Amino acid sequence: MPSVIALIAFAGLAAVLWVAPAGAQSLAAQCARNAGNGNVEACRQALAEQPGDLTLRRHLAHSLAILANYPAAITVLRGIVAERPNDPQAHYDLAGLLGAIRRYTEAAAPIEAAIRLQPDNILAYQAAAVIYAQIGRMKDSVAITNRAAVLGDTASMYEMSLYYQDGIGVSASTEKAFYWTRRAAERDHVAAMQLMSAIYLEGLLGQPRDQKKAVEWAQRVRAQTILPGK
């Protein structure tokens, strides 16, 4: 199952935070600078000056969430979704917060909308995979992971390898497990490269033992992970 860390809870809101220039004293600047500290009042005052400003509303939601006032934060984000139904970020922000507070069932609809509106957003696919897994929709979790893998996400490629090895959400297949392991490894996914080395060292996933290839993959892992100068 994909790690809950992959949800990158509330990442959408964090991504839009703007740091004002030093010395800026406007309410909007104070809101932007201090939303991460839970300065709700600064954001509310800024919104009184600029009613409806999208960025300020997102800052307000962020500051409310920092203070664990999740109902109020969700209300703000739902309001943005209602006004901007075709904005993938609006849906992603809402899904992110709902997922962060483990309201996974409610998070499913907005994350699906985010993907529908922005089908190349890999983070949304990763979040959806976690959400589906948490609500017992493992086949959907695997299916969305597969879509992300096809789009080129190496973490999802590696997940697909594990799913095919263990028969989770799919029929077990050593051939497909090896396929996704190799694809991820060829794109420098470290765990996949380590697995490739083990595959050839021990003759796993239907592959013959090959000492040379095992060493080559081990060397690639070392080259990828060793610190400069070591």
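The values are calculated or read from the model by the stated rules, or taken from the named source; none is laboratory data. What you see is a predicted model; the values in this text were computed from it and never measured. Note: ideal-geometry Cβ built from the backbone for every residue, glycine included; neighbour counts use all protein chains shown.
Values for this structure:
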quantity: Breaking point among (1) at pLDDT 95 or above; (2) within 16 Å of residue 34 (Cα to Cα), for residue 97; calculated: (2)
quantity: Helices (runs of 4 or more DSSP H) wholly inside the stretch 30-87 containing at least 1 residues that are crowded, with 16+ Cβ neighbours inside 10 Å and under 24 Å from the mean Cα position of the chain (by Cα); calculated: 54-66, 70-83
quantity: Qualifying residue in the stretch 92-105 (condition: more than 26 Å from residue 59 (Cβ to Cβ) and either outside any helix (DSSP H, G or I) or outside the structural domain of residue 177 (by TED's automatic domain parsing) (or both)); calculated: yes
quantity: Qualifying residues in the stretch 120-135 (those that are within 14 Å of the chain's Cα centre (by Cα) and of a type outside the set (A, V, I, L, M, F, W, C)) - the one surrounded by the most Cβ atoms within 10 Å (Cβ to Cβ); calculated: 132
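Let's see how each residue does on (1) within 30 Å of residue 132 (Cβ to Cβ); (2) modelled with pLDDT of 95 or more; (3) of a type in the set (D, E, K, R):
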site: 3; (1), (2), (3): yes, no, no
site: 20; (1), (2), (3): no, no, no
site: 25; (1), (2), (3): no, no, no
site: 32; (1), (2), (3): no, no, no
site: 62; (1), (2), (3): yes, no, no
site: 70; (1), (2), (3): yes, yes, no
site: 78; (1), (2), (3): yes, yes, yes
site: 87; (1), (2), (3): yes, yes, yes
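Okay, residues lined up against (1) surrounded by fewer than 17 Cβ atoms within 10 Å (Cβ to Cβ); (2) without any contact (Cβ under 8 Å) to a residue 60 or more places away in the chain; (3) under 28 Å from the mean Cα position of the chain (by Cα):
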position: 148; (1), (2), (3): no, yes, yes
position: 155; (1), (2), (3): no, no, yes
position: 158; (1), (2), (3): no, yes, yes
position: 165; (1), (2), (3): no, yes, yes
position: 185; (1), (2), (3): no, yes, yes
position: 195; (1), (2), (3): no, yes, yes
position: 205; (1), (2), (3): no, yes, no
position: 212; (1), (2), (3): yes, yes, no
